[in-house]
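First up is the structure itself, then whatever we jot down about it.
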Amino acid sequence: MGAPAAQPKTRPVVLSEDGLARLLARLHHEGYEVIGPTVRDHAIVHGPLSEVDDLPRGWGDEQTPGHYRLVQREDDAYFGFAVGPSSAKRTLFPPRQPLWTAESRDDANFAIIEAERPERRLAFFGLRPCEVAAIAVQDRVLLHGIVEDEVYAANRADVLLVAVECGAPAATCFCRSMSTGPGMESGADLILTELLDGDHRFLVRAGTTTGEDLLEQLEHDEATEEDLDARKEVLASAAARLERRLDTTDIHGLLMGNLDHPRWDAIAERCLACANCTLVCPTCFCTTVEDRTDLAGTEATRERRWDSCFSLEFTHTGPASVRNSTRARYRQWLTHKLATWIDQFDTSGCVGCGRCITWCPVGIDLTEEVDMIRRTSEDNVAPWPMVPSPLQEG
Amino acid sequence: MTVLDVPTQGTLTSRPYQITTVRHQTHDIVTIDVAPQQHPIAFRPGQFDMVYVYGIGEAAISISSDPATPGLLSHTIRAVGWVTRALNDLQPGTTIGIRGPYGRPWPMEEAEGKDLVIIAGGIGLAPVRPAIVEALRHRERYGRIVLLKGARSPRDLVFRDDLDRWHADRGIDVHVTVDSAVRGWSGRVGVVTKLIPRVPFDPENCVVLTCGPEVMMWFSAEALLKRGVPAERIYVTLERNMKCGVGTCGHCQLGPVFLCRDGPVFSWPEVAGLLDVREL
């Protein structure tokens, strides 16, 4: 976070399986609270990692629209799965965030006490490139808007990122279309590639000087040409399996020029407005606040929690809901994610992780919906100018 | 679009203010004044605050007091939801929470050297009141100053003292109308937008500030355009529910804009196309 980190000088190295365990131990030794993928409730979710055995070793996943199952792999891959329902958002921008408490002083007066923000040193271990890209999108929204979000900034400060390039994309993934994977060149402190040919090992590149310092403290081998070729093979194989596409050509004009397209009605016939897509999305940031008073009425706590544009009461003018139909609410979500997000934050809100497709109970697939609109659009050249972002002028 | 300096620390945290006066403007609208502040935060006409009632919640409320005295803050509130109803029932001596100011203000500088036309419907007079007060303080900067004020009925008229005072002031041309009259009302009857074609101002050299129900702003814009006012000189202020005030909670989006961050004041060309889409 903050100033761009100096470019590291070290060459790629190779860690053995033991080396991976030592890397994790090193992070604990340096005081990091390590969060990474682990198996819980029949899914691979983010949780605390005490040791490498907490990783989903030997587990893979099977994902299609509206479908997610864990499957036993035939190898001992530590990172042989695509992304699960949780993301870094759950840790950096948690579902519930205490903001402050108003303490009653007498019948008419109160004082406001800000919530304490625990100081912790966080490390993410095993994030996919799309997940790292999602953090960058949330940074843009919550750190670089007109104000810095206090809660996110406190959690995000000095977070260490250990990424693992993706060798196991799911059928719902489309990171290539969003240029967020399956490989990555920068954006994390350490970038690993799990190599399963021959000796089970990890190619490791430092993305920052912090990552470089970490590597220097670990026993490792210099990477050979074979190791580098093996990485290329992993990425090429992953890319070949990434069949799903989202054509992003003039996507802003396409969607904003088709706000009255009949396809929105067709989607609304299937969409349950359940909000699953917004909850699993690693970039959706909408929140509401709740004020709760204790039984004695002596203190009132304000908590912020995730909200969703799929709820009827999400946007209203006076007492009247603005988006009464599911059609309008789905359209709000999709046009925001893929089009107006660009007006607002100079970046797409989508990283191509496919979570919204997998976790949609009726399997609505945004890539297919955009494609349908594109193929049946009467006029792809929209009369909608991009609104200049106030962030650019500021 | 203009980006404003807003406090960067603790932006989500309210500051306690003690209510000194509650002025009942109509049966469902009050103006709440809070105790004079020693270290006031400057605001500009058209900006709003998030106002908190203990244990109940927050609502976005325009500041209705004079920007020259930011230490004497007033908010004018119509009872619509839980928070605004609670605000209508508060007594002097009670503490409320306030954070802000937020949002893009009225284009007072752009209006200099031009006629300033203000169209307000109902409680819509509250967000333009600071603009009127500021314009009258710097009367020499503007050409004609015209206020077109509409209300549903005489009993819904807010800031009656101000309207009487401004009526007597030769610096501002005040036209008040009500949609439906009652016995004893000797003023104009009819919707406020009907006044637009008839009132003296220079359509080619004016800035118009409009605040009221969305439908009133639509008809105002239509009448103003017909009279020859350039679209980009017509300003409206929009309303949607807000939770943060700084463009991160997502609630007040209208297509590409956040009303809190990019508005609430917009020029007509910025939002006319957006308001035209149903359920956007």
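The values are calculated or read from the model by the stated rules, or taken from the named source; none is laboratory data. The structure displayed is predicted, hence computed values, not measured ones. Virtual Cβ from ideal backbone geometry, glycine too; neighbours counted across all protein chains shown. Each accessible area value is taken on the protein alone, full model and side chains, heavy atoms only, with ligands, DNA and RNA left out. Shrake-Rupley method; radii C 1.70, N 1.55, O 1.52, S 1.80 Å.
Structure notes:
- Single match in A:T193, A:T172 (criterion: in the same structural domain as A:F93 (by TED's automatic domain parsing) and farther than 30 Å from A:A223 by Cα): A:T172
- For the condition under 30 Å from A:E290 (Cβ atoms), outside the structural domain of B:L195 (by TED's automatic domain parsing) and open to solvent by 10 Å² or more (accessible area, probe 1.4 Å), B:E270 does not qualify.
- Taking region A:80-114 as the range and being free of Cβ contacts under 8 Å to residues at least 40 places away in the same chain and within 9 Å of chain B (Cβ to nearest Cβ) as the test, the residues that pass are A:R105, A:D107, A:A108, A:N109, A:A111, A:I112, A:E114.
Condition check ((1) crowded, with 22+ Cβ neighbours inside 10 Å; (2) touching a Pro at 6+ places or on another chain (Cβ under 8 Å)) across all residues:
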{"position": "A:D197", "(1), (2)": "no, no"}
{"position": "A:H200", "(1), (2)": "no, no"}
{"position": "A:V204", "(1), (2)": "yes, yes"}
{"position": "A:T210", "(1), (2)": "no, no"}
{"position": "A:L218", "(1), (2)": "no, no"}
{"position": "A:D229", "(1), (2)": "no, no"}
{"position": "A:A239", "(1), (2)": "no, yes"}
{"position": "A:E243", "(1), (2)": "no, no"}
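- Of B:A221, B:A135, all but one fail to be over 16 Å from the mean Cα position of the chain (by Cα), open to solvent by less than 10 Å² (accessible area, probe 1.4 Å), within 30 Å of B:V257 (Cβ to Cβ) and small (G, A, S); the exception is B:A221.
- Region B:242-280, residues that are more than 10 Å from chain A (Cβ to nearest Cβ) and touching a Phe, Trp or Tyr at 6+ places or on another chain (Cβ under 6 Å): B:V265, B:S267
- Residue within region A:67-81 that is over 29 Å from B:I98 (Cβ atoms) and under 14 Å from the mean Cα position of the chain (by Cα) present: no
- For A:R120, the conditions (1) surrounded by fewer than 20 Cβ atoms within 10 Å (Cβ to Cβ); (2) within 29 Å of A:R231 (Cβ to Cβ) are fulfilled apart from (2).
- Residues in region A:236-261 that are free of Cβ contacts under 8 Å to residues at least 24 places away in the same chain and either within 14 Å of chain B (Cβ to nearest Cβ) or in a helix (DSSP H, G or I) (or both): A:A236, A:A240, A:D260.
- In the set B:V277, B:V246, only one residue is more than 16 Å from the chain's Cα centre (by Cα), outside any strand (DSSP E or B) and surrounded by 24 or more Cβ atoms within 10 Å (Cβ to Cβ); that residue is B:V246.
- Counting only residues that are over 30 Å from A:A111 (Cα atoms), touching a Pro at 6+ places or on another chain (Cβ under 9 Å) and of a type in the set (S, T, N, Q), region A:258-303 holds 1 of them.
- Considered as a group, the residues in region A:346-361 that are surrounded by 22 or more Cβ atoms within 10 Å (Cβ to Cβ) and within 23 Å of B:C260 (Cβ to Cβ) include one that is farthest from the other protein chains (Cβ to nearest Cβ), and that residue is A:S348.
- Residue among B:I63, B:I41, B:I56 that is open to solvent by 20 Å² or more (accessible area, probe 1.4 Å), β-branched (V, I, T) and either away from chain A (no Cβ under 14 Å) or closer than 17 Å to B:G245 by Cα (or both): B:I41
- Qualifying residue in region A:328-338 (condition: under 19 Å from the mean Cα position of the chain (by Cα) and without any contact (Cβ under 8 Å) to a residue 40 or more places away in the chain): yes
- Here the condition is being farther than 19 Å from A:G80 by Cβ and touching a strand residue (DSSP E or B) at 6+ places or on another chain (Cβ under 6 Å); of A:L246, A:L215, it holds for A:L215 alone.
- Within the option set B:E222, B:E239, being charged (D, E, K, R) and within 14 Å of another protein chain (Cβ to nearest Cβ) holds for one residue only, B:E239.
- From the options A:L312, A:L295, A:L338, residue that is open to solvent by less than 10 Å² (accessible area, probe 1.4 Å) and more than 8 Å from chain B (Cβ to nearest Cβ): A:L338
- Scan region B:153-178 for residues that are in contact with a strand residue (DSSP E or B) (Cβ under 7 Å, 6 or more places away or on another chain) and in a loop (DSSP other than H, G, I, E, B) and the total you get is 5.
- The criterion of being under 30 Å from B:W82 (Cα atoms), open to solvent by 10 Å² or more (accessible area, probe 1.4 Å) and not aromatic (F, W, Y) does not hold for B:K226.
- Yes/no for A:A275 being touching a residue at least 12 places away in the same chain (Cβ under 8 Å), open to solvent by less than 20 Å² (accessible area, probe 1.4 Å) and in the same structural domain as A:V351 (by TED's automatic domain parsing): yes
- Matching residues in region B:72-114 - criterion: being within 9 Å of chain A (Cβ to nearest Cβ), polar (S, T, N, Q) and open to solvent by less than 30 Å² (accessible area, probe 1.4 Å): B:T94, B:T95
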